[in-house]
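Q: Would you mind keeping the following structure in view while I ask a few things?
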Amino acid sequence: MPVLPGAEPYRHEGGEVGVLLCHGFTGSPQSLRPWAEYLAGRGLTVSLPLLPGHGTRWQDMQLTTWHDWYAEVDRELRELTARCERVFVMGLSMGGALTLRLAAKHGDAISGIVLVNPGNKVHGLAAYALPVVRHFVPTTKGIASDIAKAGAQEVGYDRVPLHAAHSLRRFFRTVDGELPQVTQPMVLLHSPQDHVVPPVDSARILARVSSTDVKEILLEQSYHVATLDHDMERIFEESWAFVTRLAPELVAEGVGGVGGAEDTGKGSASGG
């Protein structure tokens, strides 16, 4: 299936500091593209993959599980660590959960993580019905474009495929059990008014990780997709400040070399 306009993956070859960006459930790289371009413009090597089953049609996502989504970001991380001296991982929503699992599994290979409205649990009574209901009802109402900013739109599915939602629920449980293994420096930004992921998810993550270098930031003017919302510049600036604090010499070298790199649309909508 062709990729939806705007949902293409993104890659920028920059300096020795790499950043992996992970998008959210039923979303696409479009929700993080401005963030990726901001970091690329400062000389960083940036990878923003399209997760399997995303960015085409919801029927494609029904055939994938969290193992496929995680395998894609794990592969991209390994490529970045082979290419760059220091690597950071950043994610929105489910992309935050993917970021946390990468941090738990890869340890010192990741220099720091940035989470924006990270998901930790599928809430509500409907979550407990998913194992059965998904066999009779294929989809439910979509969650894309929870954005306060007028005119801003997220490229994502208008339906949530329930087989995939069931897998997401299992993934969140897996990541929750691994949170004590997360030790990297962390910035967590979350919106008090979020209609997709409640603030309790961020609170639980903060309480369970073993990281000691932690900064929590409230995004007062934004809803769930804060990377396209009123606080987007705050997110970009805080993440850049985080990287420059932890890798100052390498960042300076990368900025000095800006100008010769090219952006590409490398990536695929199908997992393997």
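Q: Could you tell me what % of all Cα pairs in region 136-187 have separations over 14 Å? Kindly include the intermediate steps, with their values, before the conclusion.
A: Numbers: 913 of 1326 pairs.
More than 14 Å apart: 69 percent of the Cα pairs in region 136-187.
Q: Which of 195, 89, 116 sits closest to the plus end of the dipole of the chain, meaning its Cα is farthest towards the positive end, when Lys and Arg get +1 and Asp and Glu get -1 on the C-beta?
A: 195
Q: Give the Cα extents of region 1-158 along the principal axes, in whole Å, largest first.
A: 49, 36, 31
Q: Let's see if you can work this out: charge +1 on each Lys and Arg Cβ, -1 on each Asp and Glu Cβ, no other charges. What is the dipole magnitude of region 28-164 about its Cα centre, in debye to the nearest 20?
A: Numbers: 14 positive and 12 negative charges, 38 e Å.
Its charge dipole is roughly 180 debye.
Q: Restricting to the chain, compute how many DSSP beta bridges are antiparallel as a %, nearest 5.
A: Working: 8 of 31 bridges.
Around 25 percent of the beta bridges assigned by DSSP in the chain are antiparallel ones.
Q: Work from the charge dipole of the chain (Cβ charges, +1 for Lys and Arg, -1 for Asp and Glu, about the Cα centre) and give the residue of 161, 227, 36 farthest towards its positive end.
A: 161
Q: Tell me the carbon and sulfur percent of the accessible area for the chain, rounded to whole percent, probe radius 1.4 Å. Before the final figure, lay out the partial values.
A: Details: 5780 of 11190 Å².
Here it works out to 52 percent.
Q: Taking Cα atoms of region 1-82, Rg/Rh with Kirkwood Rh, to two decimals?
A: Details: Rg = 12.8 Å, Rh = 13.0 Å.
Reported Rg/Rh, Kirkwood definition of Rh: 0.98.
Q: Right, next: Given 121/215; 105/141; 105/215, which pairs have Cα atoms separated by over 26 Å?
A: Working: 121/215 22 Å; 105/141 33 Å; 105/215 22 Å.
Check vs 26 Å cut-off fails for 105/141.
Q: Whole-Hz ³J(HN,Hα) for each residue in region 144-151, computed from phi via Karplus 6.51 cos²θ - 1.76 cosθ + 1.60 with θ = phi - 60°, x for glycine and proline: what do you get?
A: For region 144-151, the Karplus curve yields 5, 6, 7, 9, 7, 5, 4, x Hz.
Q: If you don't mind, another one. Averaging over every viewing direction, what projected area does the convex hull of the Cα atoms of the chain cover, in nm²? Show your work: numbers first, answer last.
A: Values: hull surface 52.1 nm².
Convex hull of Cα atoms, orientation-averaged projection: 13.0 nm².
Q: Can you order the peptides 46-53, 154-161, 99-106 by their average number of other Cβ atoms within 10 Å per residue, highest first?
A: Details: 46-53: 26.6, 154-161: 21.0, 99-106: 22.9.
Peptide ranking by packing, descending: 46-53, 99-106, 154-161.
Q: Using a simple spin-label model with points 7 Å from Cα along the Cα→Cβ vector, what separation in nm is obtained for residue 71 and residue 195?
A: 3.6 nm
Q: About the Cα centre of the chain, what is the dipole size in debye to 20, counting +1 per Lys and Arg Cβ and -1 per Asp and Glu Cβ, all else neutral?
A: On the way: 24 positive and 31 negative charges, 197 e Å.
My answer is approximately 940 debye.
Q: Which of 58, 20, 236 sits closest to the plus end of the dipole of the chain, meaning its Cα is farthest towards the positive end, when Lys and Arg get +1 and Asp and Glu get -1 on the C-beta?
A: Toward the positive end, the furthest listed residue is 58.
Q: Normalized C-alpha radius of gyration of region 57-118, against 2.2 N^0.38 Å? Kindly include the intermediate steps, with their values, before the conclusion.
A: Details: Rg = 12.4 Å, N = 62, 2.2 N^0.38 = 10.6 Å.
Here the Cα radius of gyration is 1.18 times the empirical estimate.
Q: Across every pair of different alpha-carbon atoms, what Kirkwood hydrodynamic radius in Å does region 179-258 reach? Write down the numbers at each step before the final one.
A: Values: mean 1/r = 0.0712 Å⁻¹.
This gives a value of 14.0 Å.
Q: Going by average Cβ density within 10 Å per residue, which order do the peptides 9-19, 222-232 take, highest to lowest?
A: Final packing ranking: 222-232, 9-19.
Q: Once amide H atoms are placed 1.01 Å from N in the peptide plane, what residues at a sequence separation of 5 or more from residue 112, or on another chain, have their amide H within under 5 Å of its amide H?
A: When sequence neighbours closer than 5 places are left aside, the close amide H contacts are 89.
The values are calculated or read from the model by the stated rules, or taken from the named source; none is laboratory data. Everything quoted here is computed from the prediction, not taken from an experiment. Quick reminder, even Gly has a Cβ in these numbers, built from the backbone with ideal geometry, and neighbours come from all protein chains shown. With ligands, DNA and RNA removed, areas are computed over all heavy atoms of the protein, side chains included. Shrake-Rupley method; radii C 1.70, N 1.55, O 1.52, S 1.80 Å.
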